[in-house]
Every structure is written in structure tokens, then in C-alpha cells.
Amino acid sequence: MKILRLSLLASLIFTLVVLIYPTDAIAENTTTITPINDEVSLKKTVIPMNIPEDNTFPWGAVRGQASEFAERYPIIIQIFKGEDPIDFAQVDVKGDGSFEYKFRIRNVDANTSEITNIFEGQYTVNIFKVIPNIEELI
């Protein structure tokens, strides 16, 4: 029991995020821009995410650097497994233009030591951000 607690503690202390990386099963990143009005547009980026079956980390994260964004508009993150919605989040853009959403991908029951993988396999992540229009809309 003591070893399990130390293992869990070490896992929590040295938690690394699951990186989002492309796989053969899902197409490459895609980006579309849809005008909202004369001042701003909605930029949608779709990226693949793979959570390996042998994952041992309890947390995952979607993070990025918003080089262009409209102030006072949050980033919307949607995670799908196939067509099924799994998790939605709204996060603010930090002063340096970065954003991050952390989510639980694995649980360990403290009483029974039973492990439950919440996320496992292939996912699609949609990231929506409002951006200022650079050119006038026609």
C-alpha cells in the first residue's frame, strides 16, 4: 500500500501532459475561417489526438499559442471520439497569447487501486477562436 501511494504521488508530481500528435488514423490538421461580421471571424482548427492504451499519466492537456485573437473572446475546445462528443471547454487566452485546457484521462481509486482510463484511443479536437479581420470583407 505504501509503494502504491508513493507511486501515485510520484505520478502526480511528475505528471506530463499527453501530447497531441497526428496519427495515420485521422487526417492532418485543418483550419477554416468563417466571417462573423466586419470586425471579427471564427477560426476553427481541427487536430487529431491519440491517447495510448498503455498511458500511465492521469492528466492530458490541449494547449496552444494564439498568434492572432480578438480580446475578450474565449477559446472553445471540443473533443470528439468519432462522432460522439466527449468533452467541451471554454478557456481564456492569457496575456502572452497562450491557452491551455487540462483534463483528467485516468483515475486510480484510492481505496481499491482500480484504474479507469477515461480517455483512450483516437480523438478529434476542435479549437475555435475569434480573430480580428485583417482585410475588409467583400
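The values are calculated or read from the model by the stated rules, or taken from the named source; none is laboratory data. All values reported here derive from a predicted model rather than from experimental measurement. Note that each Cβ is placed from the backbone with ideal geometry, even for glycine, and that neighbours are counted across all protein chains shown.
Results for (1) at pLDDT below 90; (2) in contact with a Leu (Cβ under 8 Å, 6 or more places away or on another chain); (3) not hydroxyl-bearing (Ser, Thr, Tyr), shown as yes or no for each residue.
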{"site": "PHE88", "(1), (2), (3)": "no, no, yes"}
{"site": "SER98", "(1), (2), (3)": "no, no, no"}
{"site": "VAL108", "(1), (2), (3)": "yes, yes, yes"}
{"site": "TYR123", "(1), (2), (3)": "no, no, no"}
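For the range 109-116, the count of residues that are touching a Phe, Trp or Tyr at 6+ places or on another chain (Cβ under 6 Å) and either surrounded by 11 or more Cβ atoms within 10 Å (Cβ to Cβ) or among the aliphatic types (A, V, I, L, M) (or both) is zero. Identify, please: which residue in the range 72-81 is in a loop (DSSP other than H, G, I, E, B) and in contact (Cβ under 8 Å) with a residue 12 or more places away in the chain and is, among those, nearest to VAL40 (Cα to Cα)? For the range 72-81, the residue satisfying everything is TYR73.
Within the range 13-43, restricting attention to residues that are farther than 18 Å from GLU120 by Cβ and small (Gly, Ala, Ser), the residue that is modelled with the highest pLDDT is SER41. Restricted to the range 84-138, and to residues there that are touching a residue at least 60 places away in the same chain (Cβ under 8 Å) and touching an Asp or Glu at 6+ places or on another chain (Cβ under 7 Å), the residue that is farthest from TYR73 (Cα to Cα) is GLU120.
The test for being aliphatic (A, V, I, L, M), touching an Asp or Glu at 6+ places or on another chain (Cβ under 8 Å) and within 11 Å of VAL125 (Cα to Cα) does not hold for ILE51.
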